[in-house]
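The values are calculated or read from the model by the stated rules, or taken from the named source; none is laboratory data. The structure displayed is predicted, hence computed values, not measured ones. Reconstructed Cβ throughout: ideal geometry from the backbone, glycine too, with neighbour counts over all protein chains shown. Side chains included, ligands, DNA and RNA excluded: accessible areas come from the protein's heavy atoms. Shrake-Rupley method; radii C 1.70, N 1.55, O 1.52, S 1.80 Å.
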Amino acid sequence: MTTSYSSKNKGIRTLLAATAIAMLLQTSLSTVSGIASAAPAPNTKVTSASSTSIYKSFQTKLYQKNGLPGADRYLESHISQVTRYHATLMVLQLENVRNKALTAMTDRMLVPNVQDQMLKIYKSKDSFTQLMSRTKDKNLRSLLQQARDSGYRLVMLEGALYPIMNYSAFDKYISYVNEDIQQYIRIMAVETNTIAAEDGGLMIGYQEILNRALNQETFLNDYPKSNRTQQVQNLLNNYTLYTFYGLNNTPLFDYETNKMVAAAQKGYKAVLQRHNNSEHNDSDFLKKLGTFMDVVAESKYEKTETVETWLEQHVPVTKYSNP
């Protein structure tokens, strides 16, 4: 068991690291753009000078070695004393640094003897805090605490324990940041609280896939110039492929029968019917899905050449595959 982690989990580690780094690259170079001009945080009178001073102190704490826990505590204590502009900026910078540090934290947790210790005491859906309460090893407890306080949550993926971003940890800042970032945090919290896909298969239902996609589409329509537009667009690209193709281990059309999965038929029809007269009735995503379902119905829900041609023309995989 202890000899297999580096090879067995290399793919997952690479995926998690690549995701974090991609998000960092998309955001860190454009932290200020897409953020509205300064405005007071809720129910707080602040001056530009005092807000700037807090912002600079936060940056000093954030960018020092192992500075995430301290920077988070400082931000929580001072965010009510800064402008909405600085509050938004600091929250985005906190996310950037958490994403960047996630790779190193993942590698530390994937060390074979560390994994063995965690797996021996792990119970289903444990948090870092729960795992900390069961270990007698001071070094492991310190690592778990650092992971938790750095803004990560614990998940089991393909038999190994990983840290991932904990977007629910940003909830305490939502009322202080711009509306687009409020919605962004909510979207990302949904993603990390219940992971959509694992080991080449979908882990959520078909209606949930569509609900998430619709929320992502709404964000892009409402905030086309948001600092986090690209991240949400990448999510919507993923969910478009989930919707129209599925994944290798949970394909939309059964490999043996070539028939559309019954649960997908039922789920898609239910969502289309439910949103027929809702605020989403002008959704481009739903319009495309509705047309797709008409094409599939004409083919008796089989993946015929007609269906394949429609997919190639209207949902080409290359267009929605993120770099």
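Among 128-134, 303-309, how do they line up by average Cβ neighbours within 10 Å per residue, starting with the highest? Walk me through the numbers before you get to the answer.
Numbers: 128-134: 16.4, 303-309: 14.0.
Result, highest mean Cβ count within 10 Å first: 128-134, 303-309.
Which value, in debye to the nearest 20, gives the size of the charge dipole of the chain about its Cα centre, when Lys and Arg are +1 and Asp and Glu are -1 at the Cβ?
1460 debye
Solvent-accessible surface of protein heavy atoms, probed at 1.4 angstrom with all chains present, puts 73, 153, 186 in the order 73, 186, 153, largest first. Three semi-axes describe the equivalent ellipsoid of the range 208-323; taken as square roots of 5 times the Cα gyration tensor eigenvalues and ordered largest first, they are 24, 17, 12 Å.
Considering only protein heavy atoms, what per residue accessible area in square angstrom results for the chain with a 1.4 angstrom probe? The partial results should precede the final answer.
Details: 16250 Å² over 323 residues.
Dividing the accessible area of the chain by its residue count gives 50 Å².
Applying the criteria of a DSSP loop state and at most 13 other Cβ atoms within 10 Å to the GluC sites (Glu not before Pro) of the range 189-293 yields 256, 279.
Let a ≥ b ≥ c be the square roots of the eigenvalues of the Cα gyration tensor of the chain; is it rounded (a/c under 1.5), or, if not, prolate (a/b larger than b/c) or oblate? Oblate is the answer for the chain, as a/c is 1.5 or above yet b/c matches or exceeds a/b. Of the solvent-accessible surface of the range 62-201, computed with a 1.4 Å probe and all protein chains present, 48% belongs to carbon and sulfur. Between 0 and 90 degrees, the angle of helix 179-193 with respect to the longest Cα principal axis of the chain falls at about 70 degrees. Look at where the Cα atoms of the range 83-140 and of the range 274-323 average out, and the two centres are 39 Å apart. When the label point is put 7 Å from the Cα of residue 297 along its Cα-to-beta-carbon vector, which residues of the range 242-262 have a backbone N closer than 19 Å? So the set is 244, 253, 259-262.
Scalar couplings 3J(HN,Hα) for the range 212-229, obtained by applying the Karplus form with A = 6.51, B = -1.76, C = 1.60 to θ = phi - 60°, are 5, 4, 5, 5, 5, 5, 4, 4, 5, 6, 7, 10, x, 10, 5, 5, 10, 4 Hz; x denotes Gly and Pro. Please give the helix 112-121 orientation as an angle from the longest Cα principal axis of the chain, in degrees from 0 to 90, rounded to the nearest 10. Helix 112-121 and the main axis of the chain meet at about 80 degrees. Cross-link reach is defined here as a Cα-Cα straight distance under 26 Å, omitting same-chain residues fewer than 8 places apart; for residue 266 the lysines meeting it are 287, 288, 300, 303.
Tally Lys/Arg at +1 and Asp/Glu at -1 over every other residue whose Cβ is under 11 Å from the Cβ of residue 75; what's the total?
Details: positive: 61, 73, 172; negative: 72, 76.
Once positives and negatives cancel, what remains is +1.
Order 298, 312 by their accessible area, 1.4 angstrom probe, all chains in place, largest first. Show your work: numbers first, answer last.
Numbers: 298 155, 312 130 Å².
If we order 298, 312 from most to least accessible, we get 298, 312.
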